[in-house]
Structures are given as structure tokens and as C-alpha cells.
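Written out below as C-alpha cells is the structure these notes cover.
The values are calculated or read from the model by the stated rules, or taken from the named source; none is laboratory data. A quick note: this is a predicted structure, and the numbers were derived from the prediction, not measured. Methodologically, a virtual Cβ is constructed for each residue, glycine included, from the backbone with ideal geometry; neighbour enumeration extends over all protein chains shown.
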Amino acid sequence: MNISRRSLIGSTLAASLLSGANAGAALAQGRALPLKSDFNLGGVYLDSASGHPLSLPVLRAMQNYISVRFGEPEHSWHTTEVRDQAAALFARLINAAPTDIAIVPSTMIGENLIGASMGIGKGDRIVTDAFHYWASLAKYGEMRKDGVDVAVVAPRGNRMMPADVEAAITAGTRLVAVSLVASHSGFMHDLKQLCDIAHHRGALIYADIIQAAGAVPIDVKASGVDFACCGGHKWLQADRGAAFLYVRPEALPHLRRVQTGWLQLKDYQYHAFPNDPPGPPEGSWQMLPDSAASLFEVSTWSHSAVWCLRASISYILAIGVDRIAAHRRPLTSRLQAAMRDLGYVALTPPEQNSPIAAFARRDIDQRIVERCRSRRIAVSIGDNADYIRVSPSVFNDGDDIELFLEAVHV
């Protein structure tokens, strides 16, 4: 009994694959921003950095998936076509090859897998910065307890200075790990400059791009980044449950498989049943050649999340990331100027076209929280109401910004 990777497609599924492939692109093509009618917004939503609303193409993709899953249960979970299409679309979004992409459950899992597969341990050095994702900082702090030498670069003037990162990359540094766009402050690294610094010093570099992909242009080939990961529920405009992990082909030799599952097997031969050929009781198998997918895709991915991602990335590509960034720029510029006049300190450097505009003020009180809530304005406000993060997207316009500014003018 020989088992190998197979794709089984029924008639209904084949039609669904065909009709769903370009649904997102068809809706967005040629239309001007903002695209309010594509989203079901019950107020002013300025919190896409926390979780992006789902668009009509994603809603239809989910309905399509459920229809296929309901109508042809023997086929729908076996297919790799939608996974391959979603991975190819994401590869196009960041200028990678589809073969350089693996699908993992989340950004955080992707970052953990990179460290584990590099075999980083006691005596090795990791360089990160204080603007990296907070759970990642905790992860590296825990690694420090196990003897890993972890350096955390501090900001200066709400910016990370490349010279400070370079100074931290000493002998024995194996990995530099950063968030391309900082979740809390919105600071955006010059990724190519950072990669050049790391590579010159013999280190590899990982970038968490969940606050960047789909919101700002990314070119992994031009930057030279070795690893990057991005979940679907923020600027990729999809749902939780799947993330794309990019591995630069030249970095593959630095990695080893740390998990094994059926997606990594080229074939498997039983030797336990009456008609099987003789062999060891555990069976015989061949592993797929090393690639991003064969190293990191262990078992069944979230099919529903992948169907959503196929539609959402098609939608983003049809709009164009350059257009998305250009649409956002006057909105964040208005925020920067007006919030300064209201006594807020900008945490996000005003010269950067970051998808996040974050501000701080010591004497903010609960009234701002209540005013935003009563006016159905969604933003991120710190627990002590001393921090506000605004993250406009493709459905926001100047009126949304003015309503927010009126709410925080107390």
C-alpha cells in the first residue's frame, strides 16, 4: 500500500477553484479609493493594525469554501490548488518565487520555527530591538535564560539607528530579528540597509512583516532579507489561522528540519498489510527535497484561512500597494499635524509613510476612550489612555480622520 501526496478535485470544487481565483481582483479593478462599500463598517474603523475588516471578496471566498466543504467533503481537504494559488499571490506581493513560501499557522510560530531550525542555542548571539513585537521580545528573553546571548537595541528619538544595530552585531551573532514596521510605534526600518549590515557581519536576518505586507511595498529580493513571516488578519485583510513564511533560497543550507509530517513526504510505503512488500514495520518513505514548504509545512493548513487569503491578496494586488500607500499618506499627514497641535507626541516618524500613526500624551483621561466608544470610532488606546494608535486603510477617508480628531480634542 503506497501513499503519496495527491490532489483530488470534484466537479463542484473545480468550478469553485476557477470562479474564486480572481474574485477579489474583479471587484477592486479600476475603482477609486476609498472603497467603503466593499466593507461592512458600522462606524469609523481606524484600527486595521489590530485586525483588518473582511471585504466582500473574502466573505464570498469563505461562503464558497463552506459550500464546497459541505457539498464535496471527500475532495475539499485534499486539494493543494488554493494553497498554491495563495502562496503564488503572496510571492508576487513581496517579489518572491512561490517555491520560497511556506504556509504556517501564525507569524509567531514562523519566527519560532526559524530560530529552532537554525539550531540557535547556548553561546549563540541574537540581536533584536525594543520595537520588535512584544511577544518576540519575551521569546528572546526566555532564550537568554537558556544561555543565548541576546542584545536588544534601544531607540533614540523614537527611531532605531542603523549604527546602533550594527554595533550590536558582534562575533557569534547568528540572527538579527526585527519587525519591519513596529506594531506599537509604527517605526519602519530600511530593510535593505539592515540586511546589508547584518550580512556584512556574517549574520542572517528575520523580519516580521505582518504590519507591512499589503500596506507598504516590499521587495524581498531587493532587500536581501533571509526570512520573513506574515499572518493574514492584519494588512493582508484575511483571517487568522495561516501565515506566509518566506525563506531566501541562499539561506536554506542554514536550516534543518525540526518537525516532520505528511506534507514533507514524497511517498510512504507500508510493510504491515497482507499485500505489502517486505520491509521494516515502520514503513519506508522518501522526504521531499528541501524547500521552504518541505521544511516548515508539517500537516494540514487552515483551508478556510487560505481560501480567504487567496481572495484578499487578489483584491490588494488589483488595487496596488503603491496606490494603497499613496491613499493613506494624506490621512496620516493630517493626523501628524493635528495631533501635534493638540499636544500629542508623535511616536511614528512623520517622514515615514507607515500604515500606523501612533501618539502619546501624559494627561489623556478616560473621556477620550468614552468619546471614541460613543461615536463608534475604533482605534487602539493604551490601558492608561496615554497612547493612541491610528491605522487607516483602503476604506478610510478624510472625514474619518476629522471625526477622530474631534473625538480626541478634549
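Only residues that are polar (S, T, N, Q) and either part of a strand (DSSP E or B) or more than 14 Å from LEU245 (Cβ to Cβ) (or both): list them for the range 282-293, please.
If the condition is that a residue be polar (S, T, N, Q) and either part of a strand (DSSP E or B) or more than 14 Å from LEU245 (Cβ to Cβ) (or both), then SER284, GLN286 are the ones that fit.
Test of understanding: among ALA203, ALA130, ALA151, which residue is more than 23 Å from the chain's Cα centre (by Cα) and not acidic (Asp, Glu)?
ALA151
Do you know which of the residues in the range 291-340 that are of a type in the set (Val, Ile, Thr) and over 18 Å from LEU263 (Cβ atoms) is nearest to the chain's Cα centre (by Cα)?
ILE313
Answer yes or no as to whether GLY157 is of a type outside the set (Asp, Glu), more than 22 Å from ILE313 (Cα to Cα), out of contact with any His (no Cβ under 7 Å at 6 or more places or on another chain) and modelled with pLDDT under 95.
Criteria met by GLY157.
Looking at the range 240-261 only, could you name the residues that are in a helix (DSSP H, G or I) and not charged (D, E, K, R)?
Of everything in the range 240-261, those that are in a helix (DSSP H, G or I) and not charged (D, E, K, R) turn out to be PRO249, ALA251, LEU252, PRO253, HIS254.
When the residues of the range 188-206 are narrowed to those that are charged (D, E, K, R) and assigned to a loop (DSSP other than H, G, I, E, B), which ends up nearest to GLU351 (Cα to Cα)?
Only one residue fits best here, namely ASP190.
I'm checking my understanding of the structure. Among residues of the range 355-403 that are at pLDDT below 90 and in contact with a Gly (Cβ under 9 Å, 6 or more places away or on another chain), which one is surrounded by the fewest Cβ atoms within 10 Å (Cβ to Cβ)?
Step by step, filter the range 355-403, then rank; the result is ASP363.
Would you confirm whether any residue within the range 346-363 is among the β-branched types (Val, Ile, Thr) and free of Cβ contacts under 8 Å to residues at least 40 places away in the same chain?
no
Please indicate, with yes or no, whether at least one residue in the range 42-61 is farther than 30 Å from ALA357 by Cα and touching a helix residue (DSSP H, G or I) at 6+ places or on another chain (Cβ under 7 Å).
yes
Right, GLY42: of a type in the set (Gly, Ala, Ser), surrounded by fewer than 17 Cβ atoms within 10 Å (Cβ to Cβ), in a loop (DSSP other than H, G, I, E, B) and modelled with pLDDT under 95 or not?
Yes; evaluated as a whole, the condition is true for this residue.
Rundown of residues vs (1) assigned to a helix (DSSP H, G or I); (2) in contact with a Phe, Trp or Tyr (Cβ under 8 Å, 6 or more places away or on another chain), yes/no style:
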position: THR300; (1), (2): no, yes
position: ALA311; (1), (2): yes, no
position: ASP322; (1), (2): yes, no
position: SER333; (1), (2): yes, no
position: ALA338; (1), (2): yes, no
position: PRO349; (1), (2): no, yes
position: ASN353; (1), (2): no, no
position: ASP363; (1), (2): no, no
position: CYS372; (1), (2): yes, yes
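Do we find that VAL216 is out of contact with any Phe, Trp or Tyr (no Cβ under 8 Å at 6 or more places or on another chain), within 26 Å of ARG389 (Cα to Cα) and touching a residue at least 60 places away in the same chain (Cβ under 8 Å) in this structure?
Spelling it out, VAL216 is indeed out of contact with any Phe, Trp or Tyr (no Cβ under 8 Å at 6 or more places or on another chain), within 26 Å of ARG389 (Cα to Cα) and touching a residue at least 60 places away in the same chain (Cβ under 8 Å).
Restricting attention to the range 282-320, which residues are touching a residue at least 24 places away in the same chain (Cβ under 8 Å) and polar (S, T, N, Q)?
The answer is SER291, SER294, SER299, THR300, SER302, SER304, SER312, SER314.
Okay, residues lined up against (1) without any contact (Cβ under 8 Å) to a residue 24 or more places away in the chain; (2) in a strand (DSSP E or B); (3) among the small types (Gly, Ala, Ser):
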residue: LYS234; (1), (2), (3): no, no, no
residue: LEU263; (1), (2), (3): no, no, no
residue: LYS266; (1), (2), (3): no, yes, no
residue: PRO277; (1), (2), (3): yes, no, no
residue: PRO280; (1), (2), (3): yes, no, no
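How about the range 70-150: which helices (runs of 4 or more DSSP H) wholly inside it have at least 3 residues that are in the same structural domain as PRO217 (by TED's automatic domain parsing) and more than 29 Å from LEU347 (Cβ to Cβ)?
81-94, 107-117
Return the pair list, or none, for Cβ contacts closer than 9 Å from residues in the range 48-59 that are outside the structural domain of ASP239 (by TED's automatic domain parsing) and in a loop (DSSP other than H, G, I, E, B) to residues that are surrounded by fewer than 20 Cβ atoms within 10 Å (Cβ to Cβ) and of a type in the set (S, T, N, Q), at least 6 apart or on different chains.
Cβ pairs passing all conditions: ALA49/SER380; SER50/SER380; PRO53/ASN40; LEU54/ASN40.
Can you tell me how many residues in the range 45-82 are surrounded by 20 or more Cβ atoms within 10 Å (Cβ to Cβ) and either touching a strand residue (DSSP E or B) at 6+ places or on another chain (Cβ under 8 Å) or within 27 Å of ALA326 (Cβ to Cβ) (or both)?
Number satisfying all stated conditions: 10.
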